[in-house]
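Following: one structure in structure tokens, then a few remarks.
No value in this document is a laboratory result; all are computed from the given coordinates. What you are looking at is a predicted structure, and each value in this text was computed from that prediction instead of being measured. Here Cβ is always computed from backbone atoms with ideal geometry, including for glycine, and neighbour counts include all displayed protein chains.
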């Protein structure tokens with residue numbers, strides 16, 4: 001458990017009627033989606049049914065050197081993936097896309113999200129003879145699709161059937177030798193959108209990926225929709241649409257997504273400005289300067305400043321060469337990385353009453369160190385405002401809050417948290433306001449990590465650690 005929320009993945013796919021040098025486009029898109037996953041990445045290219053795959057641990061520019069890019073060759077379909085993993089997993093083994101060869105052909109799959117019934121499905125498949133090589137639920141999804149494909153007339157029919165069995169959060173890009181398929185779960189927990197680059201179709205977790213490659217945004221994939229692209233054109237299957245209430249993760253707007261993205265018709269940047277404005281109305285305070293914690297706290301700080309009339313100031317400088325603090329593998333390295341990552345500007349903070357805006361407090365350790373840095377820079381008062389409600393409940397849909405054990409807000413009041421992190425006052429955005437972040441109205445958000453009101457039935461226990469321990473034990477015994 002780290003001191004920032006972690007989202008698992010970003011996906012991208014492209015279909016061209018002609019064979020082109022398609023891998024560089026996927027590279028550019030993954031580079032734009034790097035904020036969604038910094039642990040591992042991968043690209044698979046399809047050339048007339050022959051799939052070339054490369055994936056490894058590391059950032060996009062580290063994994064895909066010019067020499068590696070040359071090995072992927074030309075093709076007409078490509079999918080790519082960037083991933084975060086939870087502590088204890090084997091990142092190289094769980095890197096995506098996942099490629100499967102089966103009796104009816106081959107398939108590659110990239111997944112953003114988290115199943116809630118993967119343990120049951122995995123056990124069922126293992127009893128039927130399936131052999132799993134990863135701890136990822138992406139492999140479960142691939143096996144379910146392949147099993148359905150044995151009797152289905154097409155890969156898209158198999159995918160639609162599989163959606164009757166898999167439950168939870170999944171935005172998928174699936175590649176067969178002739179088709180690219182985009183899938184979003186019926187609740188729409190995770191974002192997925194579609195665009196065009198000339199005559200080519202592209203799909204991505206966020207629209208900022210299209211901007212990076214010069215593509216035009218068309219629309220978001222609907223919750224429950226299956227979009228199929230091949231050389232005959234594009235068609236949409238809506239068998240699973242409008243069966244349940246939309247419940248997209250609201251934290252996409254607060255933190256996960258890039259501010260230049262548009263998700264489900266709403267600007268992420270504008271949503272964060274609104275969060276700051278709501279904070280100013282809910283938790284006003286007399287102060288001299290409003291400071292945002294880079295990066296996702298900046299837009300909310302500007303919104304707070306505009307609403308309150310208190311000047312906005314750049315009080316923290318972020319190093320361009322340090323990733324998000326939660327990618328550090330142990331506590332000591334995370335503590336060091338906070339000072340390396342953020343440095344206060346004393347001239348902005350000295351003798352000032354400071355309103356510090358951040359997107360979340362998970363454990364409180366990073367917040368306490370930030371407050372200490374700002375006080376050391378000479379701030380007279382520090383008032384923290386959080387552009388999200390307190391995290392009190394686990395998330396089962398693709399983030400790393402899988403238990404209440406390390407959530408500071410579960411066991412402490414807001415006043416107690418404020419004392420623990422060393423601020424003069426502390427205020428969180430209300431659940432009612434967080435539902436209003438989208439400028440086009442309530443998009444039907446999932447706010448379960450704040451309220452405990454889950455949009456679907458949740459698992460009775462977290463089984464993933466069991467598979468991780470099993471693989472770790474086997475690895476140790478082999479060594």
0 to 90° range, to nearest 10: angle between helix 365-376 axis and the chain longest Cα axis: 40
Pair residue 92, residue 17: separation of 7 Å Cα→Cβ label points (nm): 4.3
Label-point separation, residue 430 to residue 343 (7 Å along Cα→Cβ), nm: 4.2
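How long is the gain from residue 231 to residue 50 if the chain were fully straight, where each residue apart is worth 0.36 nm and the alpha carbon distance is subtracted?
Fully extending the segment from residue 231 to residue 50 adds 63.5 nm.
Mind pulling the per residue volume of the convex hull built on the Cα atoms of the chain? Å³ is fine. All intermediate terms of the calculation are to be shown ahead of the outcome.
Numbers: hull volume 69.0 nm³, N = 479.
Taking only Cα atoms, the chain has a hull volume of 144 Å³ per residue.
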Cα-based shape type of region 9-244, given that a ≥ b ≥ c are square roots of the gyration tensor eigenvalues and the cut on a/c is 1.5: rounded
Packing rank of 375-383, 406-414, 250-258, where each peptide gets the mean count of other beta carbons within 10 Å, highest leading: 250-258, 375-383, 406-414
Principal-axis tilt of helix 23-32 within the chain, Cα atoms, nearest 10 degrees: 20
Orientation-averaged projected area, Cα convex hull of region 200-291 (nm²): 8.4
Region 243-324: C-alpha gyration tensor shape, a/c 1.5 cut-off, then a/b vs b/c: oblate
Value of D in µm² per second that Stokes-Einstein yields for region 378-422, Kirkwood Rh from Cα pairs, at 37 °C (0.692 mPa s): 268
The chain, relative contact order in percent, only Cα pairs under 8 angstrom and at least six apart counted: 14
Share, in percent, of DSSP beta bridges within the chain that are antiparallel, nearest 5: 80
Two-site label geometry, residue 123 and residue 410: point separation in nm, points 7 Å out along Cα→Cβ: 2.3
Between helix 331-341 and the chain: long-axis angle, C-alpha atoms, 0 to 90°, nearest 10: 70
Rg and Dmax of region 71-171, Cα atoms only, in Å: 13.8, 40
